[in-house]
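The values are calculated or read from the model by the stated rules, or taken from the named source; none is laboratory data. Keep in mind it's a predicted model, so treat the numbers as computed, not measured. Every residue, glycine among them, receives a Cβ derived from its backbone with ideal geometry; neighbour counts consider all protein chains shown. These accessible areas exclude ligands, DNA and RNA; they are computed on the full protein's heavy atoms, side chains included. Shrake-Rupley method; radii C 1.70, N 1.55, O 1.52, S 1.80 Å.
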Amino acid sequence: MMELHVCNRAGAVLKAFALGDTAEVIVGRDASCDIQIKAKTVSREHCSIESEGDELVLRDLESSCGTFLDGKKIDTVRIEDGMEIIVGPAILKFYDSGI
């Protein structure tokens, strides 16, 4: 199972989530999002994390400021252990929990 840590730019973990129990998780500024990041640089519905078979995929939902991996703007990426995605002021860190 994959675990997601939402961190600030200093690396402090703000929240942790287990992924894989639902088909889709929405990350954004809106209160209706599964993972809420309250920042002006985060779109109401910024990106999604979706199950595709045994894999998890992160998709940018046409956000205003973009979603970044290794400093490059991305549209879609397969999530891997240790990956860090930038969403506004937050870092989404993905870990394989081994469960």
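If exposed means no more than 15 neighbouring beta carbons inside 10 Å and the site is in a DSSP loop, what's the longest run of the chain without any exposed GluC sites (Glu not before Pro)? Kindly include the intermediate steps, with their values, before the conclusion.
Details: sites that count: 62, 80.
Of all site-free stretches, the longest is 1-61.
Ignoring ligands, DNA and RNA, what accessible area per residue does the range 35-88 give at 1.4 Å, in Å²? Spell out each step's value before the answer.
Working: 3180 Å² over 54 residues.
That works out to 59 Å² for each residue.
Once you keep just the Cα pairs under 8 angstrom separated by 6 or more residues, what percentage relative contact order results for the chain?
Details: 231 pairs, mean separation 27.5, N = 99.
For the chain, the relative contact order is 28 percent.
I need the shape label for the range 43-99. Rule: rounded when a/c is under 1.5, else prolate if a/b > b/c, else oblate, with a, b, c from the alpha carbon gyration tensor.
Prolate.
What's the local net charge at residue 95, with K and R +1, D and E -1, over the other residues with C-beta under 12 Å away? All intermediate terms of the calculation are to be shown ahead of the outcome.
On the way: positive: 93; negative: 3, 80, 81, 84, 96.
Computed value for this residue: -4.
How much length would be gained if the chain were fully extended between residue 78 and residue 15, taking 0.36 nm per residue of separation minus their Cα-Cα distance, in nm to one decimal?
Working: separation 63, 0.36 × 63 = 22.68 nm, distance 2.17 nm.
Value of the extension gain: 20.5 nm.
If a/c stays under 1.5 just call it rounded; otherwise compare a/b with b/c (prolate if a/b is bigger, oblate if not). Do that for the range 7-46, with a ≥ b ≥ c from the square roots of the Cα gyration tensor eigenvalues. Display every interim value, and only then the final one.
Details: a/c = 2.62, a/b = 1.12, b/c = 2.34.
Here the range 7-46 falls in the oblate category.
Give me the percent of accessible area attributable to carbon and sulfur for the chain, probe 1.4 angstrom.
Working: 2660 of 5720 Å².
Solvent-exposed carbon and sulfur of the chain make up 47 percent of the total.
Please state the shape class of the chain: rounded when a/c is under 1.5, otherwise prolate if a/b exceeds b/c and oblate if not, all from the C-alpha gyration tensor.
It is rounded, given that a/c, with a ≥ b ≥ c, falls under 1.5.
What are the ³J(HN,Hα) values, in whole Hz, obtained from phi via the Karplus relation 6.51 cos²θ - 1.76 cosθ + 1.60 with θ = phi - 60°, for each residue of the range 12-22 in sequence order, with x given for Gly and Pro?
Each residue's phi maps through the Karplus curve to give 6, 6, 9, 8, 10, 9, 8, 10, x, 7, 10 Hz.
Specify the inter-centroid distance of the range 4-22 and the range 43-77, based on alpha-carbon positions, in whole Å.
Cα centroid to Cα centroid, the span is 15 Å.
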